[in-house]
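Encoded as structure tokens, the structure appears first; notes follow it.
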Amino acid sequence: MRGEGKIIMYKNHRRSIIIRTWLIILLLLIMADGVFAGDNFTGQYKKKNGEINVQVLPDNKLKFWINTVIGMHPCNIGEDGNTVAVFVDSNRAAFKGEQNCVVVLRFEKNKLKVTTKDCDGYCGMHAVGSMDGTYIKKNNRPDFPK
């Protein structure tokens, strides 16, 4: 009887270690999912009057190109294909351009919300503010200018 008690205690202790190990692995995977969430942000997003193309880069950065049109008046940032924003957290990136222009890109499930401030210099007369809004992901491959 004495030996059986030790065997049961050993089995329970071993089971407890295995459960703890799996919990730690699961927690690490969940945390890693948040850290690398940007991997699935790459793609082409569209809305009625424009599109934005995004490619996640190493070192918490992303390349983007945004193009909107109101009538004959365009609004473009990144048409050279080399404009880079920096992730400020797991689902937001920011770009600071000329004349204090700031673009904030906020990623949600298959959506990208764009907010701009002081970016009038990138836009035609009637297109100011046209980059702001919600874009829906249409493709996993961005289409940058060549």
Fewest first, what order do Thr42, Thr68 take by the number of other Cβ atoms within 10 Å? Thr42, Thr68
Charge context of Thr115, other residues only, Cβ under 11 angstrom, K/R +1, D/E -1: +3
For region 67-103 and region 124-146, write down the distance between their C-alpha centroids in whole Å. 9
Residue-count net charge about Pro74 - beta-carbon cut-off 14 Å; Lys, Arg +1, Asp, Glu -1: -3
Counting only residues 5 or more places away or on other chains, whose amide H sits under 5 Å from the amide H of Val88 once H atoms are built in the peptide plane? Ala93, Ala94
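Where a number appears in this text, it was derived from the coordinates with a stated rule and is not lab data. Model, not experiment: these values are computed from the prediction. No Cβ is skipped: glycine too gets one built from the backbone with ideal geometry, and neighbour counts run over all protein chains shown.
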